Each structure stands twice: as C-alpha cells, then as structure tokens.
Amino acid sequence: MPELPEVETTRRGIEPHVVGRTVARVLVRNPRLRWRVPAKLVEELPGQTIRSVTRRGKYLLLAGDTGTAILHLGMSGSLRVVTATQPADPYDHVDIVLDSGDCLRLRDPRRFGALLWTRADPLCHKLLRGLGPEPLGADFSGDYLYGKLRGRKRAIRDALLDSRLVAGIGNIYANEALFAAGIRPTRRTGKITRAQYGRLADAIRATLKRALAAGGTTLRDFRNGRGEPGYFQLSLNVYGREDEPCRVCGTPIRAKRLGQRTAFYCPKCQK
DNA sequence: CTTTTGACCTGACAGC
DNA sequence: TGCTGTCAGGTCAAAA
C-alpha cells in the first residue's frame with residue numbers, strides 16, 4: 001500500500017503523539033509478519049522513551065534510548081494512534097502502548113510488513129544500508145539517474161521501483177512521475193537522454209510533493225495516523241485509469257503488464 | 001554484475 | 001450462491 005508519501009504522512013501523523021512518551025508495554029497478538037517480530041523488541045522497548053520518529057525510504061524508525069524499532073508497512077500495513085482500550089481488529093497484530101494511554105497500533109492483513117529491533121545505527125541495518133538516495137534529498141538529481149542508468153537495459157519503470165537506485169518510489173508514483181516527464185514506462189533506461197533524466201527527476205520530486213500535500217493516496221484502505229484518508233487518488237493521471245481518457249490529450253490510457261506489476265501510460269503524451 | 005522470477009499472505013472482485 | 005482465477009500500494013532471495 002504505502003509509498004513514500006503515505007509513509008511520510010503516517011510519520012507526521014503519529015510523531016506528535018509518540019515523541020517524548022514512554023512505552024508502557026508492547027502487545028504482540030501475531031508475531032508472524034514478513035519476519036517474526038523479535039522477542040528482544042518486546043523485552044527491551046518497554047520503559048524506553050521514544051526520542052524521534054524518522055523515515056528512510058518506506059521505513060519508519062522509532063528511536064528509543066538503547067535501540068530503534070524499524071517498521072515497514074509492506075503492501076497492506078497501516079499504523080494508527082488509538083486509545084489503548086479500543087478493541088483490536090483481527091489484523092491488528094501489534095500494539096505499542098504508551099504512558100499517555102494511547103497506543104500505536106499496527107494493522108497488516110497481508111503481513112508483508114515488518115517490525116524489527118536494532119541496538120546499532122539503524123541506517124547500517126542490513127535492510128537499510130543499501131538504499132539509494134531520498135528522492136526529495138539533495139543528492140538525487142537527473143545527473144545521478146543518468147550516471148546510474150546509462151548503458152543499462154531495464155525498463156525505466158522497473159528501475160524506479162528499485163530501492164537501491166532511489167528509495168521510497170512504488171508503482172503509483174513511478175507511473176505518475178513518468179507521465180509527468182513524458183516518458184513511457186517501458187522505455188529502456190539506456191535510451192533516455194541526460195536532459196530527459198533531468199525532467200524525470202524534477203517530475204519525481206514534484207509528484208511526491210503534491211502527493212504529500214494531499215496526504216497521500218487512498219486506493220483502498222490507506223489512513224494516516226489519525227485514521228483520515230489521503231486525497232491524491234483524485235489527482236492521478238494514469239495509475240488505475242486504463243481505458244479512461246488522458247487528462248491532457250483525451251487518448252485512452254493504456255495498461256501493460258511489466259514484470260509482475262501493471263504499468264499505465266498515455267501512448268500519445270509519453271514516448 | 002544485471003535483470004528476471006518466485007515467494008510470501010489475504011481480500012476484493014470478475015466471470016462462470 | 002459459490003467456486004475459480006486474477007489482481008493489489010513491497011521487496012527479498014534465488015535463478016537466469
């Protein structure tokens with residue numbers, strides 16, 4: 001479900017309720033996420049004060065006193081602040097109960113998400129250390145993309161989904177940014193010019209910022225930390241719009257299976 | 001090394 | 001109504 005804008009929206013939603021609070025207890029109803037929730041987290045997190053809630057790519061990092069919880073929402077995960085007494089749904093797998101009486105509740109029907117614990121620098125964790133630059137950070141640019149992808153043959157849509165190249169972009173925003181840049185998702189990365197990569201980097205940043213301003217995209221069940229949906233689905237130009245008219249030229253939007261995921265594009269606006 | 005494929009899970013939906 | 005097949009916001013690990 002969640003890409004960078006949804007994870008960042010979640011981060012902003014929970015941060016004021018979590019930072020400075022002390023963890024009273026951790027309740028794991030089902031530890032079987034993508035990886036088993038470590039017993040160490042249940043043992044060590046209670047009693048610790050949450051010092052910060054940060055994001056790297058699609059990962060959320062809750063820093064305590066002696067370690068950091070690493071959280072990923074996978075395809076169907078969501079994280080909400082609720083009153084600790086609120087009854088849990090069948091897919092509410094973990095509660096991090098705070099001294100305020102609130103609790104951070106992790107819901108994840110498909111269990112592709114993760115909740116891990118590290119005592120070391122989380123940015124050096126196996127899952128995070130190979131991540132590419134933040135697309136909204138200073139070290140992401142058209143020249144960066146050009147340098148990395150020049151001479152390669154992958155479809156550009158697939159390259160944008162590769163978190164080692166750039167962190168946080170998923171299928172929605174890869175397709176939307178490619179539309180904004182006028183590049184077909186199937187285009188081989190080696191056939192894109194330096195100037196086009198400049199436009200693509202700009203389009204990625206602009207698309208992510210607009211999605212953030214809209215509170216993310218809610219296709220099915222995304223909710224921010226307070227349970228409210230996002231609104232960027234109203235602004236989607238291609239994702240999920242097969243056979244609907246292009247908002248720019250009216251040509252029907254096409255869907256094409258690329259690997260395991262569907263790519264969407266306007267055959268007239270994107271070359 | 002680069003790129004593709006399979007696997008992990010459940011729910012929603014289309015079609016028969 | 002109920003069954004089957006397909007698809008979904010991710011990404012690691014293994015194969016090609």
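What follows draws every value from the coordinates through simple rules; no lab data is involved. As the structure is a prediction and not an experimental result, all values here were calculated from the model. Don't worry about glycine lacking a Cβ; one is built from the backbone with ideal geometry, like all the others, and counts go over all protein chains shown.
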> Only one of A:THR262, A:THR218, A:THR207 is within 9 Å of DNA strand C (Cβ to nearest atom) and either farther than 30 Å from A:CYS103 by Cβ or among the acidic types (Asp, Glu) (or both); which?
Replying inline: A:THR262
>> I need the full set of residues from segment A:197-243 which are surrounded by 13 or more Cβ atoms within 10 Å (Cβ to Cβ), farther than 30 Å from A:ARG152 by Cα and within 16 Å of DNA strand B (Cβ to nearest atom), in order please.
In response: A:THR218, A:LEU219, A:PHE222, A:ARG223, A:PRO229, A:GLN233
> So, of the residues in segment A:173-194 that are more than 16 Å from DNA strand B (Cβ to nearest atom) and touching a Leu at 6+ places or on another chain (Cβ under 7 Å), which turns out to be nearest to A:THR217 (Cα to Cα)?
Replying inline: A:TYR173
>> For segment A:244-264, give me the residue count where each residue is in a loop (DSSP other than H, G, I, E, B) and over 20 Å from A:ALA159 (Cβ atoms).
In response: 8
> Tally time: how many residues in segment A:85-142 are polar (S, T, N, Q), within 26 Å of A:LEU27 (Cα to Cα) and away from DNA strand C (no atom under 16 Å from the Cβ)?
Replying inline: 3
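Taking the criterion of being buried (at least 23 other Cβ atoms within 10 Å of the Cβ) and touching a residue at least 60 places away in the same chain (Cβ under 8 Å), would at least one residue in segment A:136-153 satisfy it? Outline the logic, then answer.
Start the filter on segment A:136-153 by keeping residues that are buried (at least 23 other Cβ atoms within 10 Å of the Cβ), which leaves A:145.
Retained after the next criterion (residues that are touching a residue at least 60 places away in the same chain (Cβ under 8 Å)): none.
The answer is no; no qualifying residue exists.
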>> Suppose we filter segment A:195-216 for residues that are in contact with a Leu (Cβ under 8 Å, 6 or more places away or on another chain) and either in a loop (DSSP other than H, G, I, E, B) or farther than 22 Å from A:GLY230 by Cβ (or both); how many remain?
In response: 4
> Residues in segment A:41-67 that are crowded, with 21+ Cβ neighbours inside 10 Å and in contact with a Lys or Arg (Cβ under 8 Å, 6 or more places away or on another chain): how many?
Replying inline: 4
> If a residue has to be within 21 Å of A:THR217 (Cβ to Cβ) and either part of a loop (DSSP other than H, G, I, E, B) or touching a Cys at 6+ places or on another chain (Cβ under 9 Å) (or both) to count, how many in segment A:142-169 make the cut?
Replying inline: 6
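What number of residues within segment A:105-138 satisfy the criterion of being in a strand (DSSP E or B) and of a type outside the set (Lys, Arg)?
6
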>> Exactly one condition in (1) assigned to a loop (DSSP other than H, G, I, E, B); (2) hydroxyl-bearing (Ser, Thr, Tyr); (3) more than 14 Å from DNA strand C (Cβ to nearest atom) is false for A:TYR239; which is it?
In response: (3)
